[in-house]
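Report on the structure given below.
The values are calculated or read from the model by the stated rules, or taken from the named source; none is laboratory data. It should be emphasised that the depicted structure is a prediction, and the values quoted were computed from it without experimental measurement. Heads up, the Cβs are rebuilt from the backbone with ideal geometry, glycines too, and the neighbour counts pull from every protein chain shown.
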Amino acid sequence: MLNGQPIMTLFVNVKDNNVEQAIRSLKKKMQREGLYKEMKLRKHFEKPCLKRAREKEENIRRSRKTARRNNS
């Protein structure tokens, strides 16, 4: 654990020395895990009040999205 957060590891297999394909699959895994978003947020300090507001908006957006999916 680093600063109270678990360490996440991603593994990508390189087949037949095809590094480009391995990089593409790594980028997809990072996108799915939300690492790009986390890196962007950690780049600059975010005030706690702004962080709470952002998280609240994300939760509202996520709940509306699931509601849309369930109604269809």
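Return yes or no: is LYS28 outside the structural domain of ILE7 (by TED's automatic domain parsing) and in a helix (DSSP H, G or I)?
Details: outside the structural domain of ILE7 (by TED's automatic domain parsing): no; in a helix (DSSP H, G or I): yes.
Considered against the rule, which asks whether it is outside the structural domain of ILE7 (by TED's automatic domain parsing) and in a helix (DSSP H, G or I), LYS28 comes out as no.
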LYS40 - would you say it is surrounded by 10 or more Cβ atoms within 10 Å (Cβ to Cβ), basic (Lys, Arg) and part of a helix (DSSP H, G or I)? no
Has the stretch 45-62 got any residue that is in a loop (DSSP other than H, G, I, E, B) and either among the β-branched types (Val, Ile, Thr) or touching a residue at least 40 places away in the same chain (Cβ under 8 Å) (or both)? no
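Output the residues belonging to the stretch 13-25 that are among the basic types (Lys, Arg) and in a loop (DSSP other than H, G, I, E, B). Please lay out each step first, then the result.
So in the stretch 13-25, the residues among the basic types (Lys, Arg) come out as 15, 24.
Selection gives LYS15 alone.
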Looking at the structure I just gave you, is MET30 touching a helix residue (DSSP H, G or I) at 6+ places or on another chain (Cβ under 8 Å) and hydrophobic (A, V, I, L, M, F, W, C)? yes
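Conditions tested, residue by residue: (1) at pLDDT 90 or above; (2) within 17 Å of the chain's Cα centre (by Cα); (3) surrounded by 10 or more Cβ atoms within 10 Å (Cβ to Cβ).
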{"residue": "LEU10", "(1), (2), (3)": "no, yes, yes"}
{"residue": "ASN18", "(1), (2), (3)": "yes, no, yes"}
{"residue": "LYS51", "(1), (2), (3)": "yes, yes, yes"}
{"residue": "LYS65", "(1), (2), (3)": "yes, no, yes"}
